[in-house]
């Protein structure tokens, strides 16, 4: 497929997503919002603006940010609690929409104290995920870069300070909860996400780079993340996890180039080496001939997005040297994944339909990264 065809297809996916989730409809209440999907959709809209110069996509990105804040920054419509999670009044809430975090946007309410834990049902319950908040931080920082309006960076700052509640002390240092309730007062899943400390450190350092005058506000948080990153490895067998690690590698490289010191094991070259180790393992079992009914598009497209972002930007990849040559071996895999999910018959599968919004956005992002990787690199 030619690059122009990739962009035409990505544009259709984005337009369908905007229509399906009513981004351009009047009014602020919107029940379609889901934080992870919307974080990548914001970047995708900015990417499409870069490629087409159509102001509509720029405006869609900013409109989506406002919709996320006005819906996921507040309690669910069915909740007996009302208004902003922070407890601020309407006007103050609009000024500080992220100060108490943001809900996931799951279809069922969060598990209450009296309810027993059910691992399957927990995936469908609301609350807050740290790894969703970190992706939203990066979306806000992209908006700050695109607009030059510091309010987006300040919202990212307030969100990271709220997310500090995910961290707790252990006998030997710190650890993190994977999922917490909407008000960030109790854990819902106590285990720690595979890359949460790394993403926390990169987000914190990115905000400090953008708002040097407020850097000291995040010093204590940065130390906690550094402590958790020390001596940790990041290799991951999951396609989406590998894709995320690729994006994190690019962010680490950008920070290092601006003089920010990262702990051993979390330096850019360390992360890319772990990506290669993960890809080597993943490729042994990956088969593009497997039925769509047994595959998840958003996880696979998360991997192709990471690969396309690294491999399609000479400026970003410069300095990875031999690691980039090794990653080039996996470009065909990224293309195979995209071509598989672009086929209409595969988009009729139950696994595509069950996760249609996130699948559409993940595929669109991967296609956009062919020509506008800069919006996904965090630079």
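Averaging the Cα positions of each part gives two centres, and for segment 135-203 and segment 289-339 these lie 26 Å apart. Look at the alpha carbon pairs under 8 Å that are at least 6 residues apart: their mean separation over the length of segment 209-270 gives a relative contact order of 34 percent. Put in line by how crowded their Cβ is, counting other Cβ atoms within 10 Å and starting with the fewest, 328, 338 read 328, 338.
One chain, two ends: residue 115 and residue 264. Fully extended at 0.36 nm per residue, the span grows by 49.5 nm beyond their Cα-Cα distance. For segment 356-375, backbone nitrogen atoms closer than 18 Å to the point 7 Å from residue 54 Cα along Cα-to-C-beta are found at 360-372. Taking segment 99-377, how much of its Cα-Cα pair set, in percent, is spaced more than 27 angstrom apart? Value for segment 99-377: 42 percent of Cα pairs lie more than 27 Å apart. For segment 218-358, the relative contact order is 28 percent, taking Cα pairs closer than 8 Å that sit 6 or more residues apart in sequence and dividing their mean separation by the residue count.
In segment 36-99, the C-alpha radius of gyration followed by the widest Cα-Cα span (Dmax) gives 14.2, 44 angstrom. Ordering of 166-178, 132-144 by packing is 132-144, 166-178, highest average first (other Cβ atoms within 10 Å, averaged per residue).
In plain terms, the residue of 145, 12, 74 with the fewest other Cβ atoms within 10 Å comes first and the most crowded comes last, giving 12, 145, 74. The mean sequence distance of close C-alpha pairs (under 8 Å, at least 6 residues apart), as a share of the length of segment 99-377, puts its relative contact order at 14 percent. Averaging the Cα positions of each part gives two centres, and for segment 238-282 and segment 46-95 these lie 30 Å apart.
The numbers here are math on the coordinates, done by the rules we state, and not lab data. Note that the structure is a prediction, hence the values are computed from the model and not measured. Here Cβ is always computed from backbone atoms with ideal geometry, including for glycine, and neighbour counts include all displayed protein chains.
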